[in-house]
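Beneath this line is the structure, given in structure tokens, with notes to follow.
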Amino acid sequence: MNDAPTPASTAPLPFDEALDAILRQADGHTTETEQLALVQSLGRALSASVRSRVALPPWDNAGMDGYAVQRADVMGATRAAPRVMPILGISAAGADATALPWVQQGTALRIMTGAPMPPGADAVIRIEDTDGGIERVSVFDDRDAQGRANVRPRGEDVAAGSELFARGTTIGASHLGVLASIGAHTVPVYRTPRVTIVSSGDELVLLDRFEEVEAGQRIVSSSSYALPALLRSAGADVRTVPLVPDTLHALTDALAGALDGGCDLLITTGGVSVGAHDYTREALAALGGRQTFWRARIRPGGPIGTGMVRNVPWLGLPGNPVSTMVTGALFAWPLIRLLGGHAGYRPLRIPVRFLDSAETPAPLTHFLRVVLTAGADGMPEARLAGPQGSNLLRTMALANALLMIPPDVSRADVGTTFTAILLPDVPLMTS
Ligand SMILES: Nc1nc2c(c(=O)[nH]1)N[C@H]1C(S)=C(S)[C@@H](COP(=O)(O)OP(=O)(O)OC[C@H]3O[C@@H](n4cnc5c(N)ncnc54)[C@H](O)[C@@H]3O)O[C@H]1N2
Ligand code: MOO
């Protein structure tokens with residue numbers, strides 16, 4: 001249909017409007033669902049809420065190693081006036097709860113952490129508050145007879161019949177443990193979104209042609225390595241197609257091939273600016289694509305474009321390597337999470353204190369590559385990761401967050417609080 005962009009859609013959008021417009025393209029495009037073996041579901045999003053048939057813990061059990069008693073029997077116990085009780089036996093972890101003796105008034109049962117509470121008992125006295133006896137026990141402190149009394153009730157974590165996790169929950173390590181505990185051999189999840197990346201540029205080669213880089217004729221397509229890695233961390237199944245030369249024909253063919261191959265998201269890098277060889281938007285239009293917008297009021301990443309082509313969302317990331325990674329983190333990453341059905345898809349934004357200064361005169365939202373650390377008062381503090389040119393990928397590698405400087409700030413001053421967006425693929429660690 002070769003929709004030309006409408007005049008309204010060509011005005012550069014403010015950052016959050018651009019983000020919202022991109023995320024809206026996921027509407028109705030969440031991947032289909034499948035039932036997966038539990039151990040294969042790590043990192044996926046649940047496609048239906050999971051309820052538990054069983055209670056966790058499945059029975060009232062001891063929170064301490066010690067003695068199960070009737071609490072009234074030990075109230076007032078002190079070293080000077082211990083309570084002495086005969087011991088009926090032992091409840092070890094794994095014991096049959098139905099075979100345990102009844103703890104009558106004035107008796108005690110030895111019990112281990114996690115073991116079922118015997119009938120009749122309503123408190124566990126930790127071993128440290130007793131003489132540790134085997135036949136008889138002397139209790140000389142009554143602190144454990146108060147409150148919860150070291151009894152962990154049945155269903156405290158999960159009540160039988162209750163909802164365990166909502167649809168859209170991202171399955172992490174502890175989710176696997178909980179799901180295993182309720183007997184979920186398989187779980188309903190959304191399919192991994194398939195993302196195809198098409199990178200163009202006559203100057204680009206992959207590592208197998210590094211001799212041309214050494215000969216001064218080409219540069220390595222660093223984005224062919226960096227971007228798939230970033231997007232895999234969003235849960236995508238990423239495919240890259242061979243580097244595409246800078247002709248409209250070659251790019252149109254490559255995009256058509258990528259769409260024919262089947263994908264949930266088509267990403268292009270480069271060729272989206274105003275240079276003589278910037279054919280991406282034209283190629284998309286030739287395939288019947290509809291551009292949602294082109295250009296955002298941000299730096300880096302200003303020439304970003306997006307739209308739909310053959311019912312597949314398209315995201316056109318600018319070619320400068322840092323611009324590719326910044327827009328990949330800010331836009332592609334959350335879009336992929338949404339396509340994959342994750343309820344949590346926006347990287348966290350937090351207030352941080354800026355400890356450097358930077359000139360940001362253009363009326364754009366600037367994203368500065370920064371390193372966050374915890375300040376002496378606990379407030380996160382940001383320092384520039386290094387020089388901020390859009391071609392300087394090393395400082396992107398050094399950063400763990402992007403500091404958002406609003407359009408009306410022309411100079412970001414030392415000590416000012418700004419919002420930082422945590423880079424979603426970087427573990428937040430400190431030495
Ligand atoms: N006259 C103007 N020139 C530029 C503008 C502008 O508004 N007016 N915008 C600048 C901005 S901002 C960016 S970002 C870039 C984006 O341009 P393209 O998306 O068209 O990207 P290319 O021109 O293809 O490449 C730009 C730059 O990045 C290098 N590159 C491209 N792909 C890769 C890759 N896969 N791996 C590593 N490096 C890559 C390429 O060699 C160029 O140096 O346009 C500005 N210009
Ligand atoms: O945004 Mo370009 O992304 O400034 O280099």
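Each reported figure results from applying straightforward, stated rules to the coordinates on display, with no laboratory input. Being a predicted model, the structure only gives us computed values, none of them experimental. FYI the Cβ positions are ideal-geometry reconstructions off the backbone, even for glycines, and counts take in every protein chain you see.
For a footprinting-style exposure proxy, rank THR130, THR107, THR31 by other Cβ within 10 Å, fewest first. Please list the in-between numbers first.
Values: THR130 25, THR107 22, THR31 18.
Listed from fewest to most nearby Cβ atoms, that is THR31, THR107, THR130.
Hey, could you get me the Stokes-Einstein D for the chain, Kirkwood radius over alpha-carbon pairs, 4 °C and 1.567 mPa s, rounded to whole µm² s⁻¹?
Numbers: Rh = 25.8 Å.
D, rounded to a whole number, is 50 µm²/s.
The modelled label-to-label distance for the pair THR113/LEU176, using points 7 Å beyond Cα in the direction of Cβ, is 2.4 nm.
Site pair ARG346 and TRP102 shows an inter-label distance of 6.0 nm when each label is modelled 7 Å from Cα along Cα→Cβ. Judged by the mean number of other Cβ atoms found within 10 Å, the most tightly packed of the peptides 369-376, 315-322 leads the ranking 315-322, 369-376. This ranking places ILE171, ILE111, ILE219, ILE134 by how few other beta-carbon atoms lie within 10 Å of each, fewest first, which gives ILE134, ILE219, ILE171, ILE111.
Across the stretch 349-422, the volume of the C-alpha convex hull divided among the residues equals 76 Å³ per residue.
Seen from LEU46, the other residues with C-beta closer than 12 Å to its C-beta sum to a net charge of +1, counting Lys and Arg as +1 and Asp and Glu as -1.
In this structure, the amide hydrogen of ALA55, modeled 1.01 Å from its nitrogen in the peptide plane, lies closer than 5 angstrom to those of ALA160, counting only residues at least 5 positions away or on a different chain. If you take the alpha carbon atoms of the stretch 61-152 and fit the smallest convex hull around them, that volume is 71 Å³ per residue. The stretch 11-43 and the stretch 188-216 have Cα centres lying 23 Å from one another. Computed over neighbours whose Cβ is under 11 Å from that of CYS263, the net charge equals 0, Lys and Arg +1, Asp and Glu -1.
Among MET404, MET396, MET325, which comes first, then next, by fewest other beta-carbon atoms within 10 Å?
Details: MET404 19, MET396 23, MET325 29.
Least to most surrounded, the residues fall as MET404, MET396, MET325.
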